[in-house]
């Protein structure tokens, strides 16, 4: 049986959250995609991680969102 969108997101979150500026993961049900939130200062390490994430997320798409990490007050 295939993994669900939620299951894939949870698996990827465990493996990649906190690496290479990845500070969040979510889902877009409308687009059947995993959303990956990255710090805006993209580097080679981020591109390598994104390539890995895209491969491991298949058959789901990956949407990359470049934004600063949320600040708690």
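Values quoted throughout were computed directly from the atomic coordinates according to the rules given, and no laboratory measurement underlies them. What you are looking at is a predicted structure, and each value in this text was computed from that prediction instead of being measured. Heads up, the Cβs are rebuilt from the backbone with ideal geometry, glycines too, and the neighbour counts pull from every protein chain shown.
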* Structure fact -> Subset of the stretch 38-59, residues surrounded by 13 or more Cβ atoms within 10 Å (Cβ to Cβ) and over 16 Å from residue 14 (Cβ atoms), comes to 38, 39, 42, 46, 50, 54
* Scan the stretch 1-19 for residues that are touching a residue at least 24 places away in the same chain (Cβ under 8 Å) and either surrounded by 17 or more Cβ atoms within 10 Å (Cβ to Cβ) or touching a strand residue (DSSP E or B) at 6+ places or on another chain (Cβ under 6 Å) (or both) and jot them down. => 5, 8, 9, 12, 16
